[in-house]
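*Asks:* Questions regarding the structure given below will be posed in turn.
Each value in this text was obtained by applying a stated rule to the coordinates, not by laboratory testing. All of these numbers come straight from a predicted model, not from anything done at the bench. Virtual Cβ from ideal backbone geometry, glycine too; neighbours counted across all protein chains shown.
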Ligand SMILES: [Cu+2]
């Protein structure tokens, strides 16, 4: 019995391990897989960023200069799809892979081999998206929401996008089942649910959302596929269908999806603020309940994306109030973060800067969200740049800033080195300034009536568009600085202590830096 | 004979594995092949078939590895609980997949079709009578539906019976009565196979004789997509039943540890419940 135990617990010490590329292809180690997720998402972030810069280049001046309108639409669509499914979501899964087992005292994820597949499904999906640019008719060009009838009329690029989304969905569902199972079943003795770090809690709820809505997206795009090739009429009024039906199904997925991209960010920020305020998180229990209420409410607000399609006024009222209700748990969270800082002994290292930046700028995005929730205002602002500004405030300054914060926070644990603090701070300030230069002016563009997803615009919008494009290039270049800081940190730097942050708490800081290949083979006991 | 959970290590982490990358290439080929094939590049089907072969190879190898690990006594009580959680969440994801199609049926039947038949739309389609079952205002061809209390009711009976036989097999497994397990499992499989044959016959009849085809608007699309995906799940379930029966015959599982069996039983019950819903909202109502 003892022999069996030793063999399996230290399963590979005595075995020849694949090396080189095969190590990464065959690995069942959560840290290897987490690293691959993070690098993959960063590459996709750069690709999606380049597409965005092409868009901004076209929009630098009124008139058509750089790309054809059809190409502009393809770039818009692929920028959205790649950033949402290729950059933000896999980046959070990378964090989950790296940190969840360390935070709950597990030796690895519950299903280490399936974990490998979850990651290795991403490159084929990315390949399909890239290939789609080169097929007749080009890449999908109906916007990331793939609304029919556009998505039904397009060429083979749309089929490739649909299959890419199917594969990404399969990856997300497997990853989420793995995460839920790991959190529910692999916690160290004494690590009760209400003792878990908030990052684990937010991921548990996020994974639940993913399992609930990714299959719904799969259903929606399957209907698009059969409408395209097998003569069904789901979204065609001549056959009793309705294009609006797609919007309902899509946004039943789509609204929870935006929380899938922000709840883990809440988790990361809730880890960092207590660490640098050197205080316990204020209102842990209310944070957990707030996260759960946001998740539950997210299922009954979807039609706020559809106020202009012609719904009954009762439905508009319902979705308006349900949406505004979400401000309550979100407000609880912001309040708790601020209350954690209250009378804390604060220092502002890069993770804390990004976390504070997150609170400021994400909250602004939250407020514009409330504005857009109000039906009569939304009818004015629908499909304008105001909406673009709103969701970039929550996705870039929200999700992405939290990802940066988390990266700087855990980089010493991952690499064993401290990153360059000066460059990190520079990265933060440049990011936050250029972000606002890019997107703040887009509120004005939207309020003045500039529609989104158009390659050309009236002269009156010229100044703000020029400012926005300059900001976008600044923001894009700043991210190369981030790459430099990370690579520099991997290659060397001051040796990081096991717990490099004075106020940081949690099991991940009890293991050496860099975290050894295998951790918690004997479960720690949490009291 | 399986080892019991008490001798297994508390954690199990598998060796590095090449199965996942085979699966990734399989799905890449399937996606590319299907795209080519649907866009009239005939060679696409060979790419699709290559992908499918690779997928079957991967599943055979991967599940084989899992079975060997399980029978080798590497799976502890904790791993067993992990399997239970994951199977439950997987079935939940399947429920949500079907929910999208049931939702589409609900929307068309209750909202979009009556809407297309209302007074406003009389201008556009004066002839259209929005009485379900209906194809849609732009489709002039006529079709008939399959009466619920013929073959569909018989199929309901088959699946409900198979839910009983698989439970009897489970009880026999707990009582460690192998021959009875195999007998009841063979009965379950037989019921599943007959169900699929009846469904196939019904499709042929509907398509040829009743002119009920996939392009028959709201009714045709929801009818074939819902029953089609259900039939696909029955097929998968039947294959799973066959695998489990072979494993039972080989002496796998113990009266106390047999989640492989239970997981398949859960899946089979899920498929059963979906059919009941289908029978009510697609055929009977
Ligand atoms: Cu929404």
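*Asks:* Take the Cα gyration tensor of region A:212-251, multiply each eigenvalue by 5, square-root it, and list the three semi-axes largest first, rounded to whole angstrom.
*Replies:* That gives 18, 12, 5 Å for the three semi-axes.
*Asks:* Ok, one more. Give me Rg over Rh for region A:403-527, both radii from the alpha carbons and Rh done the Kirkwood way, two decimal places.
*Replies:* My calculation puts Rg/Rh at 1.20.
*Asks:* If you don't mind, there's one more thing I want to ask. Using C-alpha positions alone, give me the convex hull volume of region A:247-307 per residue in cubic angstrom.
*Replies:* Per residue, the Cα convex hull of region A:247-307 comes to 77 Å³.
*Asks:* Based on the Kirkwood radius over alpha-carbon pairs, what value in µm²/s does the Stokes-Einstein equation return for the translational diffusion coefficient of region A:118-167 at 25 °C and 0.890 mPa s?
*Replies:* Roughly 226 µm²/s, to the nearest whole number.
*Asks:* Listing A:93, B:66 from the residue with the fewest other Cβ atoms within 10 Å to the one with the most, what is the order?
*Replies:* Placing the least packed residue first, the sequence is B:66, A:93.
*Asks:* Return the distance in nm (one decimal) between the two label points of a simple spin-label model at residue A:145 and residue B:141, each offset 7 Å from Cα along Cα→Cβ.
*Replies:* 3.3 nm
*Asks:* May I pose another question? Send over the semi-axes of region B:1-130's equivalent ellipsoid, whole angstrom and largest first, taken as the square roots of 5 times the C-alpha gyration tensor eigenvalues.
*Replies:* 47, 26, 9
*Asks:* Roughly how tilted is helix A:156-185, in degrees to the nearest 10 and between 0 and 90, from the longest Cα axis of chain A?
*Replies:* It works out to around 30 degrees.
*Asks:* Along each principal axis of its Cα atoms, how long is region A:321-454 end to end? Whole angstroms, biggest number first, please.
*Replies:* Sorted largest first, the three principal extents are 52, 33, 24 Å.
*Asks:* A further question on this structure: Which of the peptides A:372-385, B:207-220 is most tightly packed, and how do the rest follow, going by the mean number of other Cβ atoms within 10 Å of each residue?
*Replies:* Packing order, densest peptide first, comes out as B:207-220, A:372-385.
*Asks:* Binning at 5 angstrom from zero up to the longest distance, how are the C-alpha pair distances of region B:244-285 distributed in percent?
*Replies:* Whole-percent P(r) values from 0 Å outward: 6, 20, 18, 15, 12, 9, 9, 7, 4, 0.
*Asks:* Where Rh is the Kirkwood radius over the Cα pairs of region A:374-418, the temperature 25 °C and the viscosity 0.890 mPa s, what D in µm²/s does Stokes-Einstein return?
*Replies:* Answer from the Stokes-Einstein relation: 192 µm²/s.
*Asks:* Below 8 Å between Cα atoms, with a sequence gap of 6+, how large is the relative contact order for chain A in percent?
*Replies:* Numbers: 836 pairs, mean separation 92.6, N = 527.
Here the relative contact order equals 18 percent.
*Asks:* Can you give the alpha-carbon Rg of region A:158-276 over 2.2 N^0.38 Å, where N counts its residues?
*Replies:* 1.36
*Asks:* Note the per residue figure in Å³ for the convex hull of the C-alpha positions in chain B.
*Replies:* Details: hull volume 42.7 nm³, N = 285.
Taking only Cα atoms, chain B has a hull volume of 150 Å³ per residue.
*Asks:* A further question on this structure: Starting from the Kirkwood Rh over alpha-carbon pairs, what translational D in µm² s⁻¹ does region B:204-278 have by Stokes-Einstein at 10 °C and 1.306 mPa s? Don't skip to the end; give the middle numbers.
*Replies:* Working: Rh = 14.5 Å.
This corresponds to a translational diffusion coefficient of 110 µm²/s.
*Asks:* Take each of the peptides A:312-324, A:388-400, A:330-342, B:12-24, average the number of other beta-carbon atoms within 10 Å over its residues, and list them starting from the highest. Let's see the in-between values first.
*Replies:* Values: A:312-324: 15.2, A:388-400: 23.0, A:330-342: 17.9, B:12-24: 20.8.
Per-residue Cβ counts within 10 Å, averaged per peptide and sorted highest first, yield A:388-400, B:12-24, A:330-342, A:312-324.
*Asks:* Could I ask something else about it? Would you kindly compute the Cα radius of gyration of region B:39-104 and its largest Cα-Cα separation (Dmax), both in Å?
*Replies:* 18.0, 52
*Asks:* What number results when the radius of gyration of region A:37-170, computed over Cα atoms, is divided by 2.2 N^0.38 Å?
*Replies:* That works out to 1.20 for region A:37-170.
*Asks:* So, one more: In nm², what is the average projected area of the convex hull enclosing the Cα atoms of the protein assembly as shown?
*Replies:* Values: hull surface 139.8 nm².
So the Cα hull casts an average projection of 34.9 nm².
*Asks:* Further, regarding this structure: Taking the square root of 5 times each eigenvalue of the Cα gyration tensor, what semi-axes in Å does the equivalent ellipsoid of region A:246-400 have, largest first?
*Replies:* Working: eigenvalues 191, 48, 30 Å².
Taking √(5λ) for each Cα gyration eigenvalue gives 31, 16, 12 Å.
*Asks:* I'd like the orientation of helix B:217-249 relative to chain B: the angle between its Cα long axis and the longest Cα principal axis, in ° from 0 to 90, rounded to 10.
*Replies:* 20 degrees
*Asks:* Considering just Cα atoms, how many Å³ per residue does the convex hull of region B:114-269 enclose?
*Replies:* 111 Å³
*Asks:* State, as an integer percentage, the relative contact order of region A:273-415 based on alpha-carbon contacts under 8 Å between residues 6 or more apart. Present the calculation step by step, with values, prior to reporting the outcome.
*Replies:* Details: 140 pairs, mean separation 44.0, N = 143.
It comes to 31 percent, rounded to a whole number.
*Asks:* Among B:234, A:328, what is the fewest-to-most ranking by other Cβ atoms within 10 Å?
*Replies:* Numbers: B:234 23, A:328 12.
By the 10 Å Cβ count, ascending: A:328, B:234.
*Asks:* Peptides A:284-297, A:104-117, A:70-83: what's the order by average Cβ count within 10 Å, highest mean first?
*Replies:* On the way: A:284-297: 18.1, A:104-117: 25.2, A:70-83: 22.4.
In descending order of packing, they fall as A:104-117, A:70-83, A:284-297.
*Asks:* May I ask you to sort B:123, A:225, B:28, A:430 by Cβ crowding, counting other Cβ atoms within 10 Å and putting the fewest first?
*Replies:* Ascending Cβ contact count within 10 Å gives the list B:123, A:430, A:225, B:28.
*Asks:* In whole percent, what relative contact order does chain B give with Cα contacts below 8 Å and a gap of six or more residues? Show your work: numbers first, answer last.
*Replies:* Details: 289 pairs, mean separation 58.8, N = 285.
Value for chain B: 21 percent.
*Asks:* Taking Rh as the Kirkwood radius, which is the inverse of the mean 1/r over Cα pairs, what is the Rg/Rh value for region A:29-80?
*Replies:* 1.22
*Asks:* Another question, if that's okay. Roughly speaking, what is the centre-to-centre gap between region A:44-74 and region A:277-305 when only Cα atoms are used, to the nearest Å?
*Replies:* Centre-to-centre distance over Cα atoms comes out at 36 Å.
*Asks:* Can you pull the mean other chain C-beta count within 10 Å for peptide A:224-237?
*Replies:* So the per-residue partner count for this stretch is 6.
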